[in-house]
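The values are calculated or read from the model by the stated rules, or taken from the named source; none is laboratory data. Note that this is a predicted model, so its numbers are computed, not measured. Here the Cβ positions follow ideal geometry from the backbone for every residue, glycine too, while neighbour counts run over all protein chains shown.
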Amino acid sequence: MKRSDRIVGVVILIALMLTIVSWIVMHRTRGAVAVVRVNDKVVATVDLTSLEPQTLHITGVLGPLVIVADGKGSIRVAEATCPDQICVHTIPARSPGDQVICVPNHMVITVEGKGTGIDALAQ
Ligand SMILES: [Zn+2]
């Protein structure tokens, strides 16, 4: 293999990687709706495309939870009665497939959407 062939090969490889990375970034869409479940039962759905901040008060297995949608497309647990507080410290969910889980409360927030996000691609 000639040296120039190798350089062309590397350039093509870099261009291909840049194309893939930009495609992933462009297609990582916001979720359309967040579904809140307790014990596998849907207790609330939140429209994440809404620009209005929303606060939900739901009841988990251990006690009340306060869930906040910030009006910018993400949703998180603001307050919970669980001892570990892992759900409160979980990063907000915003893309299809993202989840915030409170194991002690049997509570799961799942972001669902029609977008072809990278998470949808991986499934
Ligand atoms: Zn929790």
Open item on the list: So I7 ticks every box in (1) at pLDDT below 95; (2) surrounded by 12 or more Cβ atoms within 10 Å (Cβ to Cβ) but one. Which box is left unticked?
Closed with: (2)
- [ ] Of the numbered conditions (1) touching a Leu at 6+ places or on another chain (Cβ under 7 Å); (2) on the phi < 0 side of the Ramachandran plot, P92 fails exactly one; give the number of that condition.
- [x] (1)
Open item on the list: Could you list, ordered by first residue, the pairs with Cβ atoms under 6 Å in which the first is in the stretch 91-110 and within 17 Å of G71 (Cβ to Cβ) and the second is surrounded by 18 or more Cβ atoms within 10 Å (Cβ to Cβ) and of a type in the set (K, R), at least 6 apart or interchain?
Closed with: P92/R76
Open item on the list: For the condition out of contact with any Ser or Thr (no Cβ under 8 Å at 6 or more places or on another chain), surrounded by 14 or more Cβ atoms within 10 Å (Cβ to Cβ) and outside any helix (DSSP H, G or I), what is the one hit in I67, I58?
Closed with: I58
Open item on the list: Suppose we filter V66, V43, V77, V100 for residues that are within 14 Å of the chain's Cα centre (by Cα), farther than 30 Å from I20 by Cα and modelled with pLDDT of 95 or more; which single one remains?
Closed with: V77
